[in-house]
Each structure stands twice: as C-alpha cells, then as structure tokens.
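Below is one structure, written out as structure tokens, with a few remarks after it.
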Amino acid sequence: QVQLVESGGGAVQPGRSLRLSCAASGFTFSGYGMHWVRQAPGKGLEWVAVISYDGIKQYSADSVKGRFTISRDNSKNTLYLQMNSLRVEDTAFYFCARDRGYTGNYGIDNWGQGTLVTVSS
Amino acid sequence: QSVLTQPPSASGTPGQRVTISCSGSPSNIGSNNNLNWYQQLPGTAPKLLIYRHDQRPSGVPDRFTGSKSGTSASLAISGLQSEDEGDYYCAAWDDSLSGLIFGGGTKLTVL
C-alpha cells in the first residue's frame, strides 16, 4: 500500500533553514505528482507546493514563494522541501502527499502522517 | 481567506443526513472535474473521501456522496455516526492561481 513518511521537522529560529524529506513506497513514485501541504496547530489545511512526476514543473503558494523549494529524487523515491528564511508563521505540521495524476493538478489521494516544524526564537 | 468557501460548522444527530457546501469560482470548481473532499479525524492526517466531485475511493462507505453544480459542490453524509465527527475540507486546482486550494474546513459535530 502507499506509504509516505516525512522526516526533518523540528524547532528552528526565525531566519534559519530546514529541509524536509518524504520517503515514498508502495507505488511507482516516478509516475505521480507530489505535494507538500501544511497545517498550523488548530487551523485548516494550506497547500504549499507541487512538483510534477519528472520534476520539471513546480508551483508554490504565494506565502512561500522565493523561500521554499520543492524537489524530488526519483532514483531514491524521495520528495524534498527546502525551507529558507523561516518565519514564525511557518510553524505547522507539514504533510507530504501524492497526487492522483502525473502532472500534480488532479488532487491529493494519499497523505503522510506529517512532521512538525516549529519556528521560534 | 480561502478561495473555496465552506461553512465553519455543521451538526446532526446519529442517523441524520448532513450536507456541507463548498463554493468556488469558474477558475477552480467551475473549470474542471477535480473537486475533492477530505475527512480529518482528530489527531490524524486527512483522508480522501470523494474525488472528481462524486467518486468514492474503495473503502469509503456509500453514506458519503458528493455532487457539483456549476461553481459549487456539496458533500452529503447520511446515516450520521459518532465516528464521523471531525473536520471536512474541499479542495480543487485553481487555474488562475496555478495552485491547489482548500476550503477553510467544516467542523462536523455529532450531537
């Protein structure tokens, strides 16, 4: 079955960087678009970024544009989120998620369990 | 502020039917058939309930049904059960924003 396991979360000071990873298994990783979605504690879901199956196309939310970069390594079945210039408002659970299609605009059909990122001085 | 608008709360008693609405625009719900609904139970990751506005993944009970009309969509839950209590989100790709958008979420309470 589809498994998505996030890692790399933790506590970090404002302005610093963090890289999240998502290890995928149970499906052909290179055939699907992949997303990052976040959820601040007690708040709703906020889409962060998407990457196409081949890594060529990426889109991100305005709130993270220029600071966060989504990437993937299909040889390692791993999705990444490089987060730079972190702000207090980036504090959230970050979910790795699979899209139903290869381009990344069909919608999410599987989710990881999430990793918590806390940005605080 | 979410581009997809949902009521913040909904409630019903066991056995009742509840409907949750999701209002969008021509650039998202109105432009394609990729409107999805997610259920998030307390302390867990979201789970896909409905895809392509009215399709159920295997394992999702037929108590959950989705529909779409123009730039709006609805999720209906019939035979309400206590384990249905949680948060429900609609989501769709927005062609103008080139991104995935979520509704603000609806907290369902089973009285």
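Since every read-out is calculated from the coordinates, none of them should be taken as a lab result. Here the structure is a predicted model, which means the values were calculated and not measured. Here the Cβ is made from the backbone with ideal geometry for all residues, glycine too, and neighbour counts use every protein chain on show.
Here are some notes:
- Largest to smallest principal axis extent of the C-alpha atoms in segment A:23-71, angstrom: 33, 25, 13
- Other protein chain C-beta atoms within 10 Å of residue C-beta, averaged over B:32-40: 3.
- Given R0 = 22 Å, the distance between the Cβ atoms of A:ASN84 and A:LYS57 translates into a calculated FRET efficiency of 0.60.
- With the alpha-carbon atoms of the protein assembly as shown aligned to their principal axes, the span from lowest to highest coordinate is 49, 37, 34 Å, starting with the largest.
- Built amide H within the under 5 Å cut-off of A:GLY114, gap 5+: A:GLU6, A:CYS96
- Inter-chain shielding of B:96-106 (mean C-beta neighbours from other protein chains, 10 Å cut-off): 5
- Eigenvalues of the alpha-carbon gyration tensor of segment B:49-111, scaled by 5 and square-rooted, set the equivalent ellipsoid semi-axes at 23, 14, 10 angstrom, largest first.
- The ellipsoid equivalent to the alpha-carbon distribution of chain B has semi-axes of 23, 14, 13 angstrom, derived from the gyration tensor eigenvalues as √(5λ) and listed largest first.
- Segment A:18-121: mean projected area of Cα convex hull, nm²: 6.3
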